[in-house]
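Presented below is the structure to which this report refers.
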Amino acid sequence: MCTIEASMTDYRTDQDQNITTQQAMTGLPTLTESSIVPKRSIAGRALVAVIAIMSFLASLTIGAVLLVRSAAVDWQSEVAREITIQVRPTPGRDLEAEVVRAVEIARAFPGIGEIRPYSKEESARLLEPWLGGGLALDDLPVPRMIVVKLASSDGIDLEPLRKILNERVTGASLDDHRAWIERMRAMARTTILGGVGLLILMLAATVLSVIFATRGAMAANRPIIEVLHFIGAKNGFIANQFQRHFLVLGLEGGIIGGGLAMLLFGAANIAAGMSVGTAGGDQLAALFGAFALGIGGYVAIVAQIALIAVVTASSSRWTVDRTLEAVG
């Protein structure tokens, strides 16, 4: 009994007597009410740091997934609008005449836009990355390439064109790059699923961190909780105090981590714009675009910050409820 009275005196002194016996019994806080959990503590600062790190990594994951998905959509759209006609040299046939005939057939087909036949020298240069430069390719059966761009990205039945080319042009074949498109789609799906998996793991790690921090806070403030139970406070009142406290911590950590991620993406966008025209810049632009998330990307990061705050508060509330039920 003496221990309880001493704890009650300390609690009322620390909290400036903001909670009365009647308010604790009814569970209604006042405007000047202070939290049961200390607002600034070593454990609280450590939890904010953990949440900030998780929010930063989650924001990077969201941004990377959106960038890769956007780039994959652009790749698919570009590749889907382009087909390739290949004319292989055949003994006894004039290759140049076969190329001209293939161009005429393709130009007459409905839905075809731009047609660009590669010259003999251009076709040979396509092999330089594999065979090296300075080689005499006159004696090699180097095929001629004809790049055809479709007038629209809508699906066009290319089977009639393929059939006409096979019948009227010796050694001709048509490639609609369907295999590449399927690979791009598979890559995009894998990236999105991997990003979702990482986000789930980060949320799980955040929940575990909040559970341990909540239990530690309850253990550190056990005398205060016992006093509140002694004077008739309800479990919901105590749980609300912890929930508000950890909601603030979750928002603080989420804003720090998400804000840093936004700044990083903004700086990457600026750096990508400054490197336009260089070999490395063009390669990165081809892979990830201009590193521009757009409004949708930043909205997704803000939503992630709010989600982490809600998860933090909910995890704390669940932990307090379960603990108080077990004790009571």
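Taken together, the values in this text are just the output of simple stated rules run on the coordinates, not laboratory data. Keep in mind it's a predicted model, so treat the numbers as computed, not measured. Backbone-built Cβ (ideal geometry, glycine too); neighbour counts: all protein chains shown.
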Phi to ³J(HN,Hα) by Karplus 6.51 cos²θ - 1.76 cosθ + 1.60 over region 239-250, Hz, x for Gly, Pro: 5, 4, 4, 5, 4, 5, 4, 6, 5, 5, 5, x
Cβ-derived FRET efficiency at R0 41 Å, residue 318 paired with residue 179, nearest 0.05: 0.25
Once the Cα gyration tensor of region 56-203 is diagonalised, semi-axes √(5λ) in Å: 39, 20, 11
Cα centroid separation, region 63-105 to region 184-252 (Å): 53 Å
Magnitude of the charge dipole, region 121-263, Cβ model with Lys/Arg +1 and Asp/Glu -1, debye to 20: 980 debye
